[in-house]
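The values are calculated or read from the model by the stated rules, or taken from the named source; none is laboratory data. It should be emphasised that the depicted structure is a prediction, and the values quoted were computed from it without experimental measurement. All Cβ positions, glycine included, derive from the backbone under ideal geometry; neighbour counts span all protein chains shown.
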Amino acid sequence: MAVKAIPHAKIKKPRTMWGDVVLRFSQNLPAMMGLIVVIGLYAVALLAPILVTTNYTAIDLDNVRSAPSLVHYLGTDELGRDVYSRVVWAARSAAFVSIFVPALSLSLGLFFGIIAGYVGGWVDTIVMRLGDILFAFPGLLFVFFIAATIKPAILLWVKGIGLTEFAKQGFVDYIVVFTALSLVGWPGLARLVRGQFLTLRNREFVLAAEAIGVSQWRIALKHILPNAMTPVIVVVSGGIGGTIAAETSLSFLGIGLQPPNPSWGQMISDYYIYWRNTELWPLLFIPSIILVVIILAFTFVGDGLHEALNPYLD
Amino acid sequence: MSEQKDVLLRVDGLKMYFPITQGIVVQRHVGDVKAVDGLTFDIHQGETLGLVGESGCGKSTTGRAILQLYKPTAGQVIFEGEDITAMRGESLRKMRRRMQMIFQDPYASLNPRMTVGNIVSEPLEVHSLFNGKERREKVKELLDVVGLNPYFVNRYPHEFSGGQRQRIGVARALALNPDFIVCDEPISALDVSIQAQVINLLEDLQQEFGLTYLFIAHDLSVVRHISDRIAVMYLGKLVELTTRDELYANPMHPYSQALLSAVPIPDPVVEEKRQRVILEGDVPSPANPPKGCNFCTRCPKAFEPCYETEPEFKEIESGHWVACHLY
């Protein structure tokens, strides 16, 4: 027969899609700077026990409201707590929030989005209307509402399963914050995933998979999902900055992370009275500036991913 | 190939309606798009049945409904004596091994996130055929059969040209060693220079593996080249079905005549004398087909019964089926 392989002298190493993404991302200066800051945040969070000069709850009564010095790099607050150590320790809260909230909202969003988009029918209607109801509330207000109301229930549950020690250590506050932010975060992602599924399920390669005899779940997970993920990655990564800002707002208002757990939002709330104080102003400005830099860094990383994954935008 | 052969696939009264609904909360059913409206034909073992018709007449839908990619509204598809429209789940999945499809758009029919190797080996994987090394060997063999370098297994579809991608699609369809392949306009998205290559490949494969094709196309010269018999479709219905030579020599239905008169002839002297039948107007909406014969609104030979009753699809001469009141 005339069908014969065309000989090729040299077979190049295949270029994968993710290889291209990494290449394009690395050529984006703001995104790379953002990535360095983000990696820095996680490094500080990880190494916090080594970096702190004293325990973040330790009280130095000889130095109350002291200005920055060699002992207390960023001074102390009105209780004599070392601000530098608190700022460092608070990086842990920000790091936790930046990992767990997107992970939780993504799981919920993917689960409901896939079900709605792939099963369709009344399942779709119920899931999406539920999302619409959550959408109808002003986002941050709804977060405040959830955060302010679910704490007793979660506290009860944690004690119920015998984790009384955890309850004392503010573990509950983390759960409250994560739950509140994720509950508000998932409907947007579910909508996005559902939309992707609806468009992709009628594409020819999905029909082709069906013609081969690929099972429904395998089609959903192996054929549709990987193709649906790029916009999802962009939205999730772009939203992390906003999530950290939301946690800060919660803590600023006193319904997020509670003392003694440090959080930058809480510190800004505690120290904003010093904003015109010639000596103690770093107490307010240092956490604020760090917060701004971190949020911007996450936004730049998100934008960089957006451009790297959708190269035809520019 | 005029001698009577075994029937491999019988399509009996196949209908594929897509519902039109209105309303946001409660979906009201207000009508149907009658994409395929009662097709009956046989496909014989080892033959190529060409299916022609203009865009939107339901050719692709027919192909997909035969393979149960769409659940037909009514009618039966009988493959080797078994009604596959009644099959569900696992038995249908097993049946899919024997019937495959080659798609129109080689850019849309390959998953962009899978390597060529994964695309071609997936059918083997989901039907648990071969293992590990054997499966990889089989994939390389398939790529070789369709004229691709077996070293391409780790590449992604975007690294290939349209013709090469279509070969990947062919390799995927061949992987399960099917008896019957629906070729849904497999060459209409390709350059003319590549079209011939793919056509030749399909013909070679047919000889080598004894395949039966349903070849959907709108390019009449290609259909003439590859088909043994040809079915002409208009607005969801068959208007004529006969052998290739008979159709081109003696088209009976006015629509077939108009269609064939549009084929240019590569001889300037003959081409000069070619009489074209120009059809007036547009194809009616498949959601609201005309009363009587579907073609009556544009037919140059229409007379009273055409506007009143639907013509029966009947055998006028041996092996020549026409749906027209003229005969």
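Miscellaneous remarks
- Of all residues making up the range A:182-203, the number that are of a type in the set (Lys, Arg) and either in contact with a strand residue (DSSP E or B) (Cβ under 7 Å, 6 or more places away or on another chain) or more than 19 Å from B:Tyr107 (Cα to Cα) (or both): 2
- Of the residues making up the range A:196-208, those that are assigned to a helix (DSSP H, G or I) and within 7 Å of another protein chain (Cβ to nearest Cβ) are A:Glu204, A:Phe205, A:Leu207, A:Ala208.
- Filter result for the condition that a residue is surrounded by 21 or more Cβ atoms within 10 Å (Cβ to Cβ) and in contact with a Leu (Cβ under 6 Å, 6 or more places away or on another chain), over B:Leu259, B:Leu247, B:Leu238: B:Leu238
- Number of residues in the range B:112-123 that are buried (at least 20 other Cβ atoms within 10 Å of the Cβ) and at pLDDT 90 or above equals 6.
- The range B:134-158, subset free of Cβ contacts under 8 Å to residues at least 12 places away in the same chain and more than 7 Å from chain A (Cβ to nearest Cβ), residue farthest from B:Ile102 (Cα to Cα): B:Glu134
- All positions within the range A:233-279 that are assigned to a loop (DSSP other than H, G, I, E, B) and free of Cβ contacts under 8 Å to residues at least 60 places away in the same chain: A:Gly254, A:Pro259, A:Trp275, A:Arg276, A:Asn277, A:Thr278
- Flag if B:Arg135 is at pLDDT 90 or above, farther than 18 Å from A:Ala208 by Cβ, of a type outside the set (Gly, Ala, Ser) and assigned to a helix (DSSP H, G or I): yes
- Residue within the range A:224-232 that is within 21 Å of B:Ile119 (Cα to Cα) and not in a helix (DSSP H, G or I) present: no
- Answer from B:Thr40, B:Thr73, B:Thr61 - the residue that is surrounded by 15 or more Cβ atoms within 10 Å (Cβ to Cβ) and closer than 29 Å to B:Arg167 by Cα: B:Thr61
- Condition check for A:Trp264: out of contact with any strand residue (DSSP E or B) (no Cβ under 9 Å at 6 or more places or on another chain), of a type outside the set (Gly, Ala, Ser) and within 14 Å of chain B (Cβ to nearest Cβ): no
- Elements of the type helices (runs of 4 or more DSSP H) sitting completely within the range B:214-327 and holding at least 2 residues that are within 26 Å of B:Ala189 (Cβ to Cβ): these cover B:220-226, B:244-249, B:254-261.
- Residues that are surrounded by fewer than 15 Cβ atoms within 10 Å (Cβ to Cβ) and either within 18 Å of the chain's Cα centre (by Cα) or assigned to a helix (DSSP H, G or I) (or both) within the range A:112-129 comprise A:Val119, A:Gly121, A:Trp122, A:Val123, A:Thr125, A:Ile126, A:Arg129, listed in sequence order.
- The set of residues in the range A:221-232 that are within 13 Å of chain B (Cβ to nearest Cβ) and either among the aliphatic types (A, V, I, L, M) or in contact (Cβ under 8 Å) with a residue 60 or more places away in the chain (or both) comprises A:Leu221, A:Ile224, A:Leu225, A:Ala228, A:Met229, A:Thr230.
- Test set (1) within 12 Å of another protein chain (Cβ to nearest Cβ); (2) surrounded by fewer than 19 Cβ atoms within 10 Å (Cβ to Cβ); (3) touching a Phe, Trp or Tyr at 6+ places or on another chain (Cβ under 9 Å) - B:Ile168 fails condition number: (2)
- Looking only at residues in the range A:63-111 that are part of a helix (DSSP H, G or I) and basic (Lys, Arg), the one that is surrounded by the fewest Cβ atoms within 10 Å (Cβ to Cβ) is A:Arg92.
- Whichever residue in the range B:208-222 is closer than 19 Å to B:Arg98 by Cβ and not aliphatic (A, V, I, L, M) and, among such residues, is nearest to the other protein chains (Cβ to nearest Cβ): B:Glu208
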